[in-house]
Amino acid sequence: MTAALELHDAAFGYDGVARVEGLSLEVPCGAAVALIGPNGSGKSTLLRGILGLAERTAGTVRVLGEAPERARRRIGSLPQADTRDATLPITLRQAVTMGLYRSRGALAPIGRSGRAAVAAALERVGLAELAARRFGELSGGQQQRGILARALVSDPQLLLLDEPFNGLDRENREVLLRLVGELRAEGRTIVVSTHDLEIAQEACSHVLLLASGHRPGQPGHPAAFGPLDAALTLDAVQHAFQGTTVELDHHTVTTTRETE
Ligand SMILES: Nc1ncnc2c1ncn2[C@@H]1O[C@H](COP(=O)(O)OP(=O)(O)OP(=O)(O)O)[C@@H](O)[C@H]1O
C-alpha cells in the first residue's frame with residue numbers, strides 16, 4: 001500500500017450539508033501531516049470524516065486501503081479537548097484501557113497482553129506513576145497525554161490528533177512534539193490539526209492548509225497540500241487565513257489574527 005489516505009474530490013459534513021469540500025489528496029504512509037486552517041474551516045470535520053464519523057457528502061475516501069468504517073480499528077484518535085468528558089469516575093489506567101475496546105470489543109477480556117499494552121502506553125507518555133489516579137484529577141496537559149496513550153494502546157497505523165497542542169505548557173508541548181517524532185520514525189502516519197505553524201515546521205513532513213468558505217456558511221476547502229517546504233508558502237497561508245497578518249521568514253511563520 002502506498003497511500004495511508006486517498007481522497008478524491010471528497011466532501012464531509014452533517015445532515016447532507018458539506019462543511020469542507022474539494023479534497024483531492026494522497027497522504028503517503030509514514031507522513032506527518034499538519035492540518036492547518038482558521039476556525040470553522042472544517043479541520044475537525046475532516047478528521048471525523050476520515051474516521052467515518054462525519055458524513056461523506058461527495059467524492060471517495062480510502063483510509064489505509066479500506067473504507068473509513070472498516071479502517072477505524074487501525075486508527076488512534078485524540079478528539080478536541082472540549083469534546084471530551086473529563087468527569088468520568090475512572091482512573092487513568094482505565095481511561096487508557098478503553099483504547100483497546102475499538103480493536104477487541106468492550107466485552108473481550110483484557111488479558112496479560114492488554115495490560116502490558118496499557119502499561120507500555122502509559123510509560124511512553126511518561127505517566128506510568130499516575131496510572132491509579134482519577135482521570136479528572138490530572139492536569140489538562142496530563143489528561144491530554146493520557147488520551148494520547150489511549151489512542152496509542154491499540155498500536156494504530158494512523159493517528160488523528162485534533163489540536164493536541166492547545167493549552168499545553170512548555171513541558172507537555174515538548175513531550176508531545178518528541179512523541180510525534182518518535183511515532184513518525186516508527187512508520188506510523190499522523191494527521192495533526194494545529195493553529196501553530198511552528199509546530200507544523202518542527203514535527204511534520206506535509207501540510208494541508210484549509211481556507212474558510214468564501215461566504216459565511218459555505219464549506220471550507222484546501223488552499224494547499226504537499227510536502228511542507230513546497231506547500232507552506234506565504235501565498236497559501238494568506239489565502240487560508242484571510243483577514244490576518246502573516247509573517248514568513250526563513251524558519252519561522254507566525255500568524256496573528258487581526259482584531260476588528
Ligand atoms: N455536529 C455538527 N453538526 C452540524 N454542523 C457542525 C457540526 N460540527 C461542526 N459543524 C460546523 O461545521 C463547520 C466546520 O467546523 P469544524 O469544527 O470542522 O471546524 P474547525 O476548522 O475544526 O474549527 P476550529 O478550529 O474552531 O476547531 C462549522 O461551520 C461548524 O459550525
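Just so it is clear, none of the values below were taken in a lab; they were calculated from the coordinates. Model, not experiment: these values are computed from the prediction. Positions of Cβ are backbone-derived with ideal geometry, glycine not excepted, and every protein chain shown enters the neighbour counts.
Quick look at the numbers
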quantity: Cβ-derived FRET efficiency at R0 30 Å, residue 87 paired with residue 177, nearest 0.05; calculated: 0.60
quantity: Cut-off 11 Å between beta-carbons: net charge of the residues surrounding residue 47, Lys and Arg +1, Asp and Glu -1; calculated: 0
quantity: The chain, helix-only ellipticity at 222 nm - DSSP H runs n ≥ 4, -39,500 (n - 2.57), divided by all residues, nearest 500; calculated: -8500 deg cm²/dmol
quantity: Student exercise, the chain dipole from Lys, Arg, Asp, Glu Cβ charges, in Debye to nearest 20; calculated: 1360
quantity: Centroid-to-centroid separation of the range 40-75 and the range 153-225 [C-alpha atoms, Å]; calculated: 16
quantity: Fraction of beta bridges assigned by DSSP in the chain that are antiparallel (%, nearest 5); calculated: 60
quantity: Kirkwood Rh in Å, taken over the range 142-200 so that all alpha-carbon pairs contribute; calculated: 11.8
quantity: The range 88-237: relative contact order as a whole-number percent, Cα under 8 Å and 6+ apart; calculated: 18
quantity: Value of relative contact order over the chain, rounded to a whole percent, pairs C-alpha under 8 Å and six or more apart; calculated: 24
quantity: Positive dipole terminus of the chain, leading residue within 4, 91, 67 (C-beta point charges); calculated: 91
quantity: Scattering profile of the range 3-257 at q = 0.15, 0.17 Å⁻¹ [log10 I(q)/I(0), Debye over alpha-carbon scatterers]; calculated: -1.08, -1.33
